[in-house]
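Heads up, the thing below is written out as structure tokens.
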Amino acid sequence: MAHILPNKHRGVNIIRALSVFVAIFVLMLPCLVQGEPVLLPQLLQRAEALHLDQQAGWHNLLHYKSHVFGGVYSQADDERFFLATDGKLNAHAELVATLKALLEDNQEYPVRCRFPARLHWLDTQLHFKNQLPSLSCSEFETWQQKINTSHVTLVFPAMYLNNPASMFGHTFLRLDQTNKSSLLSYTLSYGAQSDPDDNALQYVMNGLAGGYKGVFSVQPYYETVQAYGDIEHRDIWEYTLNLNQEEVKQLLRHAWEIKNIHFDYYFMRENCSYRLLSLLDVARPGINMTHDHLPVYALPVDTVKLIANAGLINATHYRPSITSRLQQMYLQLDEKAQITTRNMVQVESDDRFSALDAYNEIEQARILELASDWLQFTNKDNAQKNHELLLARSRIEVSAEAAAFVFDADNPLESHGTAKTYLSYGKHEQQHFFDLGFRPAFHDLTDSVRGFSPGAAIKVLDTRLRWYEDEQRLQLQQLDLFSLTALVPVRPWSKPVSAKLSVNINRRLLTNNVESKFLSLDMGMGYSAEWSPVIVYAMADMAVDYSRKLDDNHAVYVGGELGALMITDKNQILATIWLGDSISGEQTRKEVYHWQFQHALTQQHALMLQYET
């Protein structure tokens, strides 16, 4: 039998039920609005099962690297990059903090808008984004529309010895747009925020020790081309990457995440090229180029090769600098046409154009085009004279394609490895010895020049150990801390200074046949000339030796060096004479005669003969 309550009791129960419902609704209101308590445990459980905090994709996004003592650490040095208090050293804590923040996202600047690449990667693993309330990230979306990238190009401006920051080259990414000139694209690059008041020594020390902050920047490509090509006279290589649209989008998402985040900048390791590898690691999961493929240093040309080996390069384009353009154009004319071109630029006579009558129309067009470029390079203020050259060119009915010069150079991808190991045998003072050497970077005058600038050399920490067979004795024979040589031949349109600088520790005999260790500094400046395939040079030189076995512990020499370098495809020969007299400390005359021959067996192996006295 049903028991029917009186009306007043039935009303009390209804009120109680409504009260319970209201209480439950109030308690669950944060869950219903934010979703976090309901969804977070499920996401964390799935993340734990998938070990997401240990996956390379997560480590790439946070720039985690394995610590030598175990665990991980992030190379990002900006606390704004982390959501967990110990996120720099704790991948798991940062993952939990990121998921929690993504679900809450009630801040003025939501985490979804700050870290869109993290959200995208986590969603591909956990599939939760569609459960979040809709959110507009207008600032990020406007930036994306402005960049509007369809494909990405890796740009490599080659080495430039006149700038310490550019000696080894540089790399950056060009963000190309569909149906637009590459010059209208934007570039994404990473560089050190150096102090313009720092002297050369401070610059080097801070760069080696991570004393500068490194940041990413975006700027128009035409500004970059002007800075690296015309002003600094650097050849530029462009490598189109085969990233698909989803990979491009993820690269840009991560670029947004780190565009205001700083990393400590290290010239030899965490530099411009290394940071771009980390971006590509995020864009294409699985390549992990910053994890296992690099030694303790990362030079731009090595990272370009690494990107090629990862299968990312789709096409290559060479953009010569203004000086390379002039040189290649000049060499594509015969000697008579070269003289005519020189007169077009240097002679003020109105009848200089009559000399063109001796040439066909294609040759005339080439002479005038070279003369115009030459004039612009050497005398940018002479607009009237250049106008006359261009007007004469316009009257010749030959298309630009028909009169075009051919510009070509050896691809840096074909260059030798920057690290070098060598074994040699020799004889000194009737003693037989073996030398074992190692050079971490970068290039010597007698190394194969394919992919490098002829006459340019940089050596860092080139170490040579010597084993005397008879005495069973091992010693450090020479350590080149740093050595730079720039033999830049004089051209009709420019007269650049050639220079050299070296700092090394070495062993050699004194005049009394006593062997001693020296700390040596050698500096020189002069001029070079080229008669292909030979470069000859003469330099005024100063050398300083420090040794406890010298009078007053030192010797300062003033003198000069003459040298000749022959460069062919397989063989390089270097011969030098250094003569000088001491002006301080040990009073002696210094004479050094050096001859070196190197034959390339392969691009990575060579046979070398050397004599020095």
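Considering only 83, 254, 71, and ranking their Cα positions along the charge dipole of the chain that arises from unit charges at the beta-carbon of Lys, Arg, Asp and Glu, the one farthest toward the positive end is 83.
Farthest towards the positive end of the charge dipole of the chain, among the residues 574, 449, 318, is the Cα of 318, using unit charges on the Cβ of Lys, Arg, Asp and Glu.
Mean residue ellipticity, 222 nm, helices only, the chain: the sum of -39500 (n - 2.57) across DSSP H runs of n ≥ 4, divided by residue count and rounded to 500, is -10000 deg cm²/dmol.
Residue by residue, segment 592-598 carries 3J(HN,Hα) couplings of 10, 10, 10, 9, 9, 10, 9 Hz when phi is fed to the Karplus relation 6.51 cos²θ - 1.76 cosθ + 1.60 (θ = phi - 60°); x denotes Gly or Pro.
Tell me, what are the semi-axes, in whole angstrom and largest first, of the equivalent ellipsoid of segment 572-613 as set by the roots of 5 times the Cα gyration tensor eigenvalues?
They are 33, 9, 7 Å, listed largest first.
Charge tally around residue 579: other residues with Cβ under 11 Å, Lys/Arg +1 each, Asp/Glu -1 each, net -2.
Straight-line reach only, C-alpha to C-alpha below 15 angstrom: list the aspartates and glutamates that residue 336 could link to, leaving out same-chain residues fewer than 8 apart. The reachable aspartates and glutamates, counting only those whose Cα sits under 15 Å from residue 336, are 357, 363. Placing unit charges on the Cβ atoms only, positive for Lys and Arg and negative for Asp and Glu, gives the chain a dipole magnitude near 2060 debye about its Cα centre.
Over segment 122-180, the Kirkwood radius and the radius of gyration, each from Cα atoms, give a ratio Rg/Rh of 1.23. For residue 570, the aspartates and glutamates whose Cα falls under 18 Å of its own Cα, not counting residues fewer than eight places away in the same chain, are 410, 414, 444, 447. Amide H contacts of residue 267 (H built 1.01 Å from N, in plane; Pro and chain starts excluded): 208, 210 sit under 5 Å, all sequence-distant by 5 or more or on other chains. Couplings 3J(HN,Hα) for segment 255-266, derived from phi with the Karplus relation 6.51 cos²θ - 1.76 cosθ + 1.60 (θ = phi - 60°), are 4, 5, 4, 10, 5, 10, 9, 9, 10, 5, 9, 10 Hz, where x marks Gly and Pro. Just report the Cα centroid separation between segment 277-350 and segment 114-128, whole Å. Using only Cα atoms to place each centre, the spacing works out to 37 Å.
Annotation: extensible slack from residue 465 through residue 542 equals 25.0 nm (criterion: 0.36 nm per residue apart, minus Cα-Cα distance).
For the residue pairs 420/590; 500/590; 65/305; 305/420, the C-alpha atoms sit more than 20 angstrom apart in 420/590; 65/305. Each of 539, 303, 365 was scored by the projection of its Cα onto the charge dipole of the chain, and the greatest displacement toward the positive side belongs to 303; charges sit on the C-beta of Lys, Arg, Asp and Glu. As a rough guide to protection, the peptides 136-148, 70-82, 456-468 ranked by mean Cβ packing within 10 Å, highest first, stand as 456-468, 70-82, 136-148. The relative contact order of the chain comes to 7 percent, based on Cα pairs under 8 Å that sit 6 or more residues apart.
Under the Kirkwood approximation applied to all pairs of distinct alpha-carbon atoms, what is the hydrodynamic radius of segment 443-515 in Å?
For segment 443-515, the Kirkwood estimate is 15.0 Å.
Residues in segment 213-225 carry Karplus couplings, in order, of 7, x, 9, 8, 9, 10, 8, x, 5, 5, 5, 5, 4 Hz; the curve used is 6.51 cos²θ - 1.76 cosθ + 1.60 with θ = phi - 60°, and Gly or Pro positions show x. Considering the zone a paramagnetic label at residue 222 would reach in this model (a point 7 Å from Cα along the Cα-to-Cβ line), which residues of segment 171-191 have amide N under 14 Å from it? Backbone N within reach: 180-187. Here segment 469-613 is treated as a Stokes sphere of Kirkwood radius computed over C-alpha pairs; at 10 °C and 1.306 mPa s its diffusion coefficient rounds to 93 µm²/s.
Check which residues have an amide H placed less than 5 Å from residue 188's amide H, if you skip close sequence neighbours. When sequence neighbours closer than 5 places are left aside, the close amide H contacts are 173, 174, 175. Taking the square roots of five times each eigenvalue of the Cα gyration tensor of the chain, the equivalent ellipsoid has semi-axes of 60, 37, 19 Å, listed largest first.
The relative contact order of segment 369-496 comes to 18 percent, based on Cα pairs under 8 Å that sit 6 or more residues apart. Here the relative contact order of segment 514-555, from alpha carbon pairs under 8 Å that lie six or more residues apart, stands at 39 percent.
Ranked highest first by the average count of other Cβ atoms within 10 Å around their residues, in what order do 122-133, 483-494 fall?
Ranking the peptides 122-133, 483-494 by packing returns 483-494, 122-133.
Taking a Cβ cut-off of under 10 Å around residue 190, the surrounding Lys, Arg, Asp and Glu residues balance to a net charge of 0, with basic ones at +1 and acidic ones at -1. Taking 21 Å as the straight-line reach from the Cα of residue 180, the lysines in range (excluding those fewer than 8 positions away in the same chain) are 146, 249.
Kirkwood radius and radius of gyration were both taken over the C-alpha atoms of segment 370-484, and their ratio Rg/Rh is 1.34.
Read-outs: derived from the displayed coordinates by stated rules, not from any lab. This structure is a prediction, so every number in the text was calculated from the model and none was measured. Virtual Cβ from ideal backbone geometry, glycine too; neighbours counted across all protein chains shown.
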